[in-house]
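Structure, as C-alpha cells:
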Amino acid sequence: MRNHVMISELQQQLEARVSELQTLTSSLQRMTARLQSELALAHDVQQHLLPACDFDWADIQVACYSNPANELGGDWYANYTFCDHLNDGEHDVLHYSIAVGDVSGKGMPAALLMAVSITSFHALVQQAAPPALFLEHLNHALRDYTRSTRQNCAVVYAGLQRRSDGCMVRVANAGGVAPLVRRSDGTTEWADVFGLPLGVLLEPTVPYLEQTLCLHPGDQIVLMSDGVIELKNVAGEMWGFGRTEQAIHNGPSASAAALLDHLCTEMTAFQGAAEQHDDLTIVIIQV
C-alpha cells in the first residue's frame with residue numbers, strides 16, 4: 001500500500017514537472033517567435049537605410065550590392081548630390097559623393113553603429129568638405145559613441161565631379177579596402193589611400209590622406225568592404241585581393257551593373273557551400 005502511495009505521488013510530481021516544462025517550452029517558443037519577428041523588422045529597417053541604386057547621376061552609372069552575413073549587419077553605403085552655381089549664375093556644376101562603411105562587430109551593436117554612421121554622414125556631407133577632411137569630421141562625430149562601445153568604423157569616401165572628358169574623383173580611406181580602378185582598356189590599379197578606421201583614436205595623430213583619380217569614358221571604380229576580400233570557400237581559402245582584381249580585370253565593361261553581376265557570380269562560385277562569415281558590400285561606378 002505504501003509503495004502504491006509513493007508511486008502515485010511520484011507520478012503526480014512527474015506530471016507537474018511535465019506541465020511546467022510544457023509551459024516553459026511554450027513561453028520560449030513565444031519569445032523566440034517575437035525575437036525573430038523583431039530581427040526581421042530590424043533587418044527591414046536596416047535595408048531601408050541604404051539608398052536604392054537609382055542615384056540619377058548625370059552620365060555616371062552606379063551599381064550597388066550589400067548582403068549581411070546575419071539578420072543584422074554593419075556594412076553600409078550612402079551618397080549625396082551637390083549642385084554648385086557658377087559665377088555667371090547661368091550654369092550648374094554637379095558633383096557627387098559616396099561612401100562605403102564597415103562597422104566592427106556583429107549583430108545589434110554593429111547595426112546601431114551603422115545607423116549612427118549613416119545619420120552622421122548625411123548630417124556632415126552637406127558641408128562639402130574635401131574627402132580627407134570629411135573623414136576627420138566623421139571621426140569626431142562618431143568618437144563618443146565608439147569610445148563607449150569600443151567599436152570602430154572603416155570608411156572609404158569618394159567625391160566625384162563630372163567633366164566633359166570624364167570624371168575627377170577624390171578618394172580618402174579610413175581603414176577600408178582601397179578603391180580599385182578598372183580602365184576601359186582592362187588595366188587595373190588600386191588607389192594609394194590608407195588610414196586608421198574611424199573611432200580607433202579620439203584624435204587622429206596623422207591626417208587622412210586623399211588621392212585624385214581621373215576617370216575617362218568607360219573607366220570604372222570599385223568600392224568594397226573587406227567581406228569581399230575575406231570571403232572563404234569550403235576549403236578555407238580566402239578570395240583575397242588577387243582574385244578580386246582578376247575578376248574585375250576579366251569582367252565586362254558594358255556597364256557597372258554587368259561588372260557587378262560578373263563579380264558576384266565569380267564570388268558565389270568560389271564560395272560554394274561555405275557559410276558567409278562577414279557582410280559583403282560592393283559599389284561600382286562607371287563613367
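The values are calculated or read from the model by the stated rules, or taken from the named source; none is laboratory data. Remember, it's a predicted structure, so these values are computed and weren't measured experimentally. Positions of Cβ are generated from backbone atoms using ideal geometry, with glycine treated the same way; all protein chains shown enter the neighbour counts.
Residue-wise test of (1) touching a Lys or Arg at 6+ places or on another chain (Cβ under 9 Å); (2) surrounded by 15 or more Cβ atoms within 10 Å (Cβ to Cβ); (3) assigned by TED's automatic domain parsing to the domain that holds N152.
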residue	(1), (2), (3)
G176	no, yes, yes
D192	no, no, yes
G195	no, yes, yes
V200	no, yes, yes
E210	yes, yes, yes
M224	no, yes, yes
G227	no, yes, yes
A257	no, yes, yes
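Remark: pairs (first residue in region 209-232, more than 21 Å from A247 (Cα to Cα); second residue assigned to a loop (DSSP other than H, G, I, E, B) and not hydrophobic (A, V, I, L, M, F, W, C); Cβ separation under 6 Å; 6+ apart in sequence or on different chains) = Q211/D192. Take the conditions (1) surrounded by 15 or more Cβ atoms within 10 Å (Cβ to Cβ); (2) among the hydrophobic types (A, V, I, L, M, F, W, C); (3) at pLDDT below 90; (4) outside any helix (DSSP H, G or I); V93 misses just one of them, which is (1).
Annotation note: Cβ proximity below 7 Å between a residue of region 241-255 that is in the same structural domain as E230 (by TED's automatic domain parsing) and a residue that is β-branched (V, I, T) and in a helix (DSSP H, G or I) (sequence gap 6+ or interchain) occurs for F241/I229; T244/V228; T244/I229.
Here's the yes/no breakdown for (1) over 23 Å from I284 (Cα atoms); (2) hydrophobic (A, V, I, L, M, F, W, C); (3) without any contact (Cβ under 8 Å) to a residue 60 or more places away in the chain:
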position: L112; (1), (2), (3): yes, yes, yes
position: R150; (1), (2), (3): yes, no, yes
position: R162; (1), (2), (3): no, no, no
position: R170; (1), (2), (3): no, no, yes
position: V181; (1), (2), (3): no, yes, yes
position: W190; (1), (2), (3): no, yes, yes
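Filter region 229-251 down to the residues that are aliphatic (A, V, I, L, M) and surrounded by 13 or more Cβ atoms within 10 Å (Cβ to Cβ) and list them by number. Within region 229-251, I229, L231, M238, A247, I248 qualify.
Residues in region 52-70 that are closer than 23 Å to G227 by Cα and part of a loop (DSSP other than H, G, I, E, B): 5 in all.
Looking at region 30-80, which of the residues that are more than 15 Å from I282 (Cβ to Cβ) and among the acidic types (D, E) is modelled with the lowest pLDDT? Step by step, filter region 30-80, then rank; the result is E38. Looking only at residues of region 138-159 that are surrounded by fewer than 24 Cβ atoms within 10 Å (Cβ to Cβ) and not in a helix (DSSP H, G or I), we find that the one that is modelled with the highest pLDDT is N152.
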